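Here's the structure, in structure tokens; my notes come after.
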Amino acid sequence: MKAYKVCMTIAGSDPSGGAGIQADLKTFHRHGCYGQAVITALTVQNSLGVSACHDVDSDLIEVQIANVMDDLMPDAVKIGMVGSAAAVDAIATCIEHFKPGFVVLDPIIFSSSGYPLTDEETARRMLDRLAPLCHLLTPNLPEARYIARRPHETDAHLLLASLRERFPGLSILLKGGHGEGAPTDYLLPSDGKVISFEGKHISSANTHGTGCVLSSAITANMANGMPLAQAVGEAKAFVEQAIMKGSGYYAGKGHGALYLL
């Protein structure tokens, strides 16, 4: 019988340690969860940005997931960067077969520095095939505009309505960190009304990996048995604390990582 909760991250590797599977595993650990990691891509990046990306073969991704889930089934799964349409299909096949209890999809399309991390076909397969198998979608504003095909939309409620129309069975968390003013996130549960989570602007250069940390913190909170709204609220508070704690540390020449020690 398991004495701990288990979380799996299916995402890209960040050799600088600020985002991707490295940030996810640190976050799982901070939340008392045992972390598993399936690597989908190897990136070349540091605090200044991403300069290259090399995808892992889709067959290897599928066998990694299947081999681990067959042995120690995770309580919750976070899916981040997926670099190819074939990789999307491999992940979807495993989710369909093993049916983990809760799956968070962080639809990473661009890096924070604007580097494209997927192509049009991969994004389409991720949204058409993989997203409907998940429980929570966590786009930021640029990603939500891309998914909703509303490139200039500024109204969060209209974006959520468009996303709900496309994904009627999913809960959706629209992250507001790319908007103007205080970062407010909006959660639209699959069976409820919009809940807003107001944040505060924190002056810090160390914000690399905020999206990864937020989605993995939600994953860990769900594995630990929290209701969705509580899981999101506590994850947002965790990220804010990690940004504030990291603001006094030197962490590279660009946007350093959050404080996850």
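For S47, the residues whose modelled amide H falls within less than 5 Å of its own, excluding neighbours fewer than 5 places apart on the same chain, are K253, G254. Estimated from helices alone, the mean residue ellipticity of the chain at 222 nm is -11500 deg cm²/dmol (sum of -39500 (n - 2.57) over DSSP H runs with n ≥ 4, per residue).
For the chain, set up a GNM with springs between Cα atoms under 10 Å and report which of S58, S196, S171 has the largest fluctuation. Result for the chain, Cα springs under 10 Å: S196 fluctuates most. The HN-Hα couplings worked out from phi for segment 225-235 by the Karplus form 6.51 cos²θ - 1.76 cosθ + 1.60 (θ = phi - 60°) are x, 6, x, 4, 4, 5, 4, 5, x, 6, 5 Hz, whole numbers, x standing for Gly and Pro. Would you mind telling me which residue in P189, P107, P151 has the biggest mean-square fluctuation in a Gaussian network model of the chain, where springs connect alpha carbons within a distance under 10 angstrom? Maximum among the listed residues: P151.
For segment 1-64, what is the charge dipole size about the Cα centre, in debye to the nearest 20, if Lys and Arg each add +1 at the Cβ and Asp and Glu each add -1 at the Cβ? If you can, show how the numbers build up before the last one.
Numbers: 4 positive and 6 negative charges, 103 e Å.
The calculation lands at about 500 debye.
Computed about its Cα centre, the charge dipole of the chain is approximately 680 debye, with only Lys, Arg, Asp and Glu carrying charge at their Cβ. Between T138, T122, T219, the GNM of the chain built on Cα springs shorter than 10 angstrom shows T122 fluctuating the most. What is the spin-label model distance, in nm, from Y4 to D59 if the labels are put 7 Å beyond Cα along the C-beta direction? So the label points at Y4 and D59 sit 3.4 nm apart. Projecting the Cα atoms of V82, Q64, G225 onto the charge dipole of segment 5-246 (Cβ charges, centred on the Cα centre) puts G225 farthest toward the positive pole. When both segment 187-261 and segment 58-87 are represented by their alpha-carbon centers, they are found 24 Å apart. Between the amide H of I108 and those of V82, distances stay under 5 Å, these residues lying 5 or more places away or on another chain, with hydrogens modeled in the peptide plane.
Where a ≥ b ≥ c are the square roots of the eigenvalues of the C-alpha gyration tensor, would you call segment 5-246 rounded, which needs a/c under 1.5, or, failing that, prolate if a/b is larger than b/c, or oblate? Mind showing how you got there, number by number?
Values: a/c = 1.22, a/b = 1.19, b/c = 1.03.
Rounded is the answer for segment 5-246, as its axis ratio a/c remains below 1.5.
Amide hydrogen proximity for Q36: with H placed 1.01 Å from N in the peptide plane, the residues at 5 or more positions away or on another chain lying under 5 Å are C7, M8, T9.
Compute the relative contact order of the chain as a whole-number percentage, counting only Cα pairs closer than 8 Å that sit 6 or more residues apart in sequence. It comes to 20 percent, rounded to a whole number. Distance distribution P(r), segment 175-261, all Cα-Cα pairs, bin width 10 angstrom from 0: 18, 47, 28, 7, 0 percent. Simple spin-label estimate for S203 and A66 gives 5.5 nm between the two label positions (7 Å along the Cα-to-Cβ direction from each Cα).
Values in this text are rule-based calculations from the coordinates and carry no lab data. Keep in mind that what you see is a predicted model, and the values were worked out from it rather than measured. FYI the Cβ positions are ideal-geometry reconstructions off the backbone, even for glycines, and counts take in every protein chain you see.
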